[in-house]
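Student: First the structure, which I've put down as structure tokens, then a few questions once you've had a look.
Where a number appears in this text, it was derived from the coordinates with a stated rule and is not lab data. Remember, predicted model here, so these are calculated numbers, not experimental data. Please note: Cβ atoms are built from the backbone with ideal geometry, for glycine as well, and neighbour counts cover all protein chains shown.
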Amino acid sequence: MPFIILEKCTRCLKCVKDCPASAITIETGDISDACIHCGHCVAICPEMAVRPDFGNVFLLQPYSVTSKDFRNLSSGIRSCRSFLNKDVPDAVLLQLVENMKHYPSASNARPLQISIVRSKEKVKLLNDLTADTLMRMFTFLSSPLISLFIRLFVPSLNINRIKHYKTLFSEKQKVNDSQICHHAPAVMLFHGEVSKTSMAEADANIWATYTSIYANTLGLGTCFNGFIVKAMRKKSKLNPQFKVPANHKVYASLLVGYPKVKYRNETSRESPIVVLL
Ligand SMILES: Cc1cc2nc3c(=O)[nH]c(=O)nc-3n(C[C@H](O)[C@H](O)[C@H](O)COP(=O)(O)O)c2cc1C
């Protein structure tokens, strides 16, 4: 629990008003167990009278990312599918993980764990097992009986497109032995316990997105990987091989490495439809 040093407190009530859980009784300095440990009370206190659950409090550092900088950074970030044959040092990978403490999480539950696959053999294994799973899924979905069922009952699933993917995938497989992982030196898996109430999937995609942006500022390239997420479902046979606990599911996956290609031009990526109400 965070705690309040009442001798330092000036009763400005900033913490009380900003607490999303209404957990603070300033008269007594009590913080109830409704606290979600978000640290807003610690972050807002002008006297540093509210102390965190653990660690210390520091003044926020000034930064100089203008809106134009962020816009330009976003426009330059592309999915990287071509990596230099160069390892990402563990210190850099851990730097990416260390910063995750700053990323938002539903109810501040922070249910995620990260596994980083970063040996050539393991990345190859992840690639091959995911490719096998994907091919089995394509084969199953495009079998005559199942495709008939899908055409009748799930018409939104385009069977012809699945068949096309299957052919394309197995053709490419002959010339590219890393169609899933693209020889990335590191693959991050964002996983968490499976639960009906948790928002781990949303957290994972947000954390992976922040990580991708941070990684790009460090000169790295990244690519989200939905194939790995599909393959590493709950109780997938792949999971134990990559130290994903039995009750966990992989919710997001990010390839990370130094990019071989550099993009020169800003292209038009469609903005979403907006409705102003
Ligand atoms: C949730 C998600 C899953 C993705 N999965 C894959 C994937 O499995 N393989 C891949 O090559 N790219 C994957 N991508 C990358 C998209 O194809 C890519 O973002 C899109 O084509 C736009 O290109 P850009 O990121 O360079 O702007 C994924 C992207 C997202 C957001």
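Student: Give a quick list of chymotrypsin sites (Phe, Trp or Tyr not before Pro) in segment 47-81 that DSSP marks as loop, anything other than H, G, I, E or B, with at most 10 other Cβ atoms within 10 Å.
Tutor: When the chymotrypsin sites (Phe, Trp or Tyr not before Pro) of segment 47-81 are filtered for loop state and at most 10 Cβ neighbours within 10 Å, Phe54, Phe58, Tyr63 remain.
Student: Please go through segment 32-121 and write out the trypsin sites (Lys or Arg not before Pro) that DSSP classes as loop and that have at most 13 other C-beta atoms within 10 Å.
Tutor: Lys86
Student: Output needed: Cys residues of the chain lacking any neighbouring Cys C-beta below 4.7 Å, sorted by number.
Tutor: For the chain, the answer is Cys9, Cys12, Cys19, Cys35, Cys38, Cys45, Cys80, Cys181, Cys223, because their Cβ atoms have no other cysteine Cβ under 4.7 Å.
Student: Here is a further query. Among Ile180, Ile36, rank each residue by its count of other Cβ atoms within 10 Å, from fewest to most, as a rough exposure measure.
Tutor: Ile36, Ile180
Student: Next question, about the same structure. Could you state the per residue volume, in Å³, of the convex hull enclosing the Cα atoms of segment 197-240?
Tutor: Normalising the Cα hull of segment 197-240 by residue number yields 91 Å³.
Student: If you line up the long axis of helix 67-76 against the longest principal axis of the chain, both from Cα atoms, how many degrees apart are they, to the nearest 10?
Tutor: Roughly 20 degrees, rounded to the nearest 10.
Student: If you filter segment 107-199 for GluC sites (Glu not before Pro), then keep DSSP loop positions with at most 14 other Cβ within 10 Å, what is left?
Tutor: Passing sites in segment 107-199 do not exist.
Student: Which number do you get for Rg(Cα) / (2.2 N^0.38 Å) in segment 155-237?
Tutor: So segment 155-237 has a normalised radius of gyration of 1.34.
Student: Taking only C-alpha pairs under 8 Å that are 6+ residues apart, what is the relative contact order of segment 97-225 in percent?
Tutor: 42
Student: Give the long-range amide H neighbours of Ala252: residues separated by 5 or more places, or on another chain, with amide H under 5 Å away, using H modelled in the peptide plane at 1.01 Å from N.
Tutor: Phe190
Student: Restricting everything to alpha-carbon atoms, can you work out Rg to Rh for segment 121-173 with a Kirkwood hydrodynamic radius?
Tutor: My calculation of the ratio gives 1.08.
Student: Continuing with the same structure: Using only Cα atoms, tell me the angle between helix 144-153 and the longest principal axis of the chain; keep it within 0 to 90° and round to the nearest 10.
Tutor: It works out to around 50 degrees.
Student: Could you sort the peptides 207-218, 262-273, 149-160, 10-21 by per-residue average Cβ neighbour count (10 Å cutoff), highest mean leading?
Tutor: 207-218, 10-21, 149-160, 262-273
Student: Step by step: find N for segment 1-150, compute 2.2 N^0.38 Å, then divide the Cα radius of gyration by it. What's the final number?
Tutor: The reported ratio for this selection is 1.63.
Student: Taking amide hydrogens as modeled 1.01 Å from N in the peptide plane, which residues meet the under 5 Å criterion relative to Gly257, leaving out close sequence neighbours?
Tutor: For Gly257, the qualifying residues are Gly221.
Student: If you project the alpha carbons of the chain onto the principal axes, what extent comes out on each, in Å, largest first?
Tutor: Computed over the Cα atoms, the extents are 73, 46, 44 Å.
Student: Just the projected area, averaged over all directions, of the convex hull on the alpha carbon atoms of segment 3-51: how many nm²?
Tutor: Over all viewing directions, segment 3-51 projects a mean Cα-hull area of 2.8 nm².
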